[in-house]
Amino acid sequence: RITDTYYRRPDGKIIEVDMAASLIYLDQRPLCVVNLHDLSERRAHEQAVRKLAQQDQLTGLPNRVLLFDRLRQAIAVAGRYDRQLALMAINLDRFKQINNSLGHTVGDSLLREVAERLQQGMRGSDTVSRLGADEFVVLLPEISSARDVAMIAEKLISNISHPYQIGSEELVIAPSVGISLYPTDGTTPETLLRNADAALYDAKESGGRSYK
């Protein structure tokens, strides 16, 4: 029995198959019978399950699981080549007031708009993720200096702070941002996120619409 191999169909398409071969005798002559089972549907289902496990359902962004996986990889690369990386924890100031006054449907639409703006201007190597509610985290691998991260945070705050048109409502909301750097502020995903959250709390305590 041979499993998980590939087969070219008569139409030329290559598919992954499960193959089983057996020996039979017909009129005392040995014959080989091969059964092929198309695995395309199963693989598509497995991929969909993996995607659901690693993706935030509201925004389509990576969730905590995928963020931590990428963060571990980025830390390993940064450690090997003596580089820095940054983690930005982002929270929307007074988001609960919007949810309470206008409802969760409007709040969810706003979160999706914020997710789109967060991805604007990011590099292909950066990861924008949502951990829940109005909590977003951005991973910036291979940064040159803390000053570069500060400039990114300033642009991010400015971009998110522009008005949003959600249905008939025009909404204005601003983010607070907390930043941690590898290796200065931690060498594990948990420590970096904890310190970014601590910096975020300081930014909120200072009045919001700022970074620390």
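Compactness ratio for the chain: Cα radius of gyration over 2.2 N^0.38 Å (N = residue count) comes to 1.46. Solvent-accessible area assigned to carbon and sulfur over the chain amounts to 49 percent, based on a 1.4 Å probe.
Ordering of 132-144, 86-98, 102-114, 13-25 by packing is 86-98, 132-144, 102-114, 13-25, highest average first (other Cβ atoms within 10 Å, averaged per residue). Using a Förster distance of 41 Å, how high is the FRET efficiency between V65 and D27, based on the Cβ-Cβ distance and rounded to 0.05? For R0 = 41 Å, the calculated efficiency reads 0.10. Specify the inter-centroid distance of region 18-37 and region 110-149, based on alpha-carbon positions, in whole Å. Going from one Cα centre to the other spans 56 Å. So what is the relative contact order of the chain, in percent, for Cα pairs below 8 Å that sit 6 or more residues apart? Over the chain, the number comes to 19 percent.
Helix content alone sets the calculated 222 nm mean residue ellipticity of the chain: runs of n ≥ 4 DSSP H residues at -39500 (n - 2.57) each, divided across all residues, give -13500 deg cm²/dmol.
Can you tell me how much longer the chain between R80 and E142 gets when fully stretched, taken as 0.36 nm per residue apart minus their C-alpha distance, in nm with one decimal?
So the chain would gain 21.1 nm between R80 and E142.
Taken per residue, the accessible surface of region 1-121 reaches 68 Å², heavy atoms only and a 1.4 Å probe. Placing a label point 7 Å from the Cα of E16 along the Cα-to-Cβ direction, the residues of region 53-67 whose backbone N falls under 20 Å of that point are 53-55. Within region 15-107, the percentage of alpha carbon pairs spaced more than 22 angstrom apart rounds to 65%.
What the Kirkwood sum gives for region 126-212 is a hydrodynamic radius of 13.9 Å, with every pair of different alpha carbons counted. Estimated from the Cβ-Cβ distance and a Förster radius of 45 angstrom, the FRET efficiency linking M151 and E41 is about 0.40.
The values are calculated or read from the model by the stated rules, or taken from the named source; none is laboratory data. Worth saying up front: this structure is predicted, and the values here are computed from it rather than measured. In this analysis, Cβ positions are derived from the backbone assuming ideal geometry, glycine residues included, and neighbour counts consider all displayed protein chains. Calculation scope for accessible area: heavy atoms of the full protein, side chains included, ligands and nucleic acids excluded. Shrake-Rupley method; radii C 1.70, N 1.55, O 1.52, S 1.80 Å.
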